[in-house]
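Visitor: Mind having a look at this structure? Questions to follow.
The values are calculated or read from the model by the stated rules, or taken from the named source; none is laboratory data. Every value quoted in this text rests on a predicted model; they were computed, and no experiment measured them. Cβ placement follows ideal geometry from the backbone for every residue including glycine, while neighbour counts extend to all protein chains displayed. To get the accessible areas, we keep the full protein, side chains included, count just its heavy atoms, and leave off ligands, DNA and RNA. Shrake-Rupley method; radii C 1.70, N 1.55, O 1.52, S 1.80 Å.
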Amino acid sequence: QVQLVESGGGSVQAGESLRLSCAASGRTFSDYVIAWFRQAPGQEREFLLTTTGSGKSIYSADAVRGRFTISRDNAKNTAYLEMSSLKPEDTAVYYCAAGSRFITTNPALYDYWGQGTQVTVSS
């Protein structure tokens, strides 16, 4: 079992930046692929970025490439989502997820999820 806890969400103005954290506990953190997703009200969960256990390989969704970055500190059992140039359409609940397979954009292939953290961007 892996437990994930997101933090760092909040309310910001358009154009500002925000960093989310995903703290993990349980099994060896570096064994797991980590991904970030988000879900806006009435919409499906949307893939954002994912990284391998080492953090060396990263895949980003087109919608956030260049604005959002993913990183991880395996010594701290924590992953991060750095978001810049935020827009009102980035408003959503943001989730981190862990999987033991391979990097994928499919949320069904991730085994563990955090509870989510709300990000609200106002214009």
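Visitor: Mind checking which of Gly55, Pro88, Ser17 is farthest towards the positive end of the chain's charge dipole, using Cβ charges of +1 (Lys, Arg) and -1 (Asp, Glu) about the Cα centre?
Guide: Gly55
Visitor: At 1.4 Å probe size, with every protein chain present, just tell me what the per residue accessible area of the chain comes to in Å².
Guide: Here the per-residue accessible area is 50 Å².
Visitor: With a ≥ b ≥ c the root eigenvalues of the C-alpha gyration tensor of the range 65-123, is it rounded (a/c under 1.5), prolate (a/b larger than b/c) or oblate?
Guide: Prolate, since a/c reaches 1.5 and a/b exceeds b/c.
Visitor: A further question on this structure: Just to be sure I understand: if I project the alpha-carbon convex hull of the chain onto a plane and average over all orientations, what area do I get in nm²?
Guide: In nm², the orientation-averaged hull projection of the chain is 6.7.
Visitor: Using a 1.4 Å probe and ignoring any ligands, DNA or RNA, find the accessible area of Phe102 and quote it in Å² to the nearest 10.
Guide: That residue has around 120 Å² of solvent-accessible surface.
Visitor: What list of ³J(HN,Hα) couplings, whole Hz, do you get for the range 113-118 from phi and the Karplus terms 6.51, -1.76, 1.60, once you set θ to phi - 60° and write x for glycine and proline?
Guide: In residue order, the calculated couplings are 9, x, 7, x, 9, 7 Hz.
Visitor: Pick out, in residue order, every one of the trypsin sites (Lys or Arg not before Pro) in the range 47-106 that is DSSP loop and has at most 14 other C-beta atoms within 10 Å; say none if there are none.
Guide: Lys56, Lys76, Arg101
Visitor: Cβ under 10 Å from Leu86's Cβ, Leu86 left aside: what net charge do those residues give with Lys, Arg +1 and Asp, Glu -1?
Guide: Net charge in that neighbourhood comes out at -1.
Visitor: Can I ask one more? Less than 15 Å Cβ to Cβ from Gly66, Lys/Arg counted +1 and Asp/Glu -1: what total charge do the surrounding residues give?
Guide: 0
Visitor: So how much accessible area does Trp113 have, in Å² to the nearest 10, using a 1.4 Å probe?
Guide: My reading of the accessible area for Trp113 is about 70 Å².
Visitor: Spin-label point model (7 Å from Cα, Cβ direction): what's the Ser84 to Asp111 distance in nm?
Guide: 3.5
Visitor: Next up: Let me spell out the model: positive unit charges on the Cβ of Lys and Arg, negative unit charges on the Cβ of Asp and Glu, origin at the Cα centre of the chain. What dipole size does that give, in debye rounded to 20?
Guide: That gives a dipole near 260 debye.
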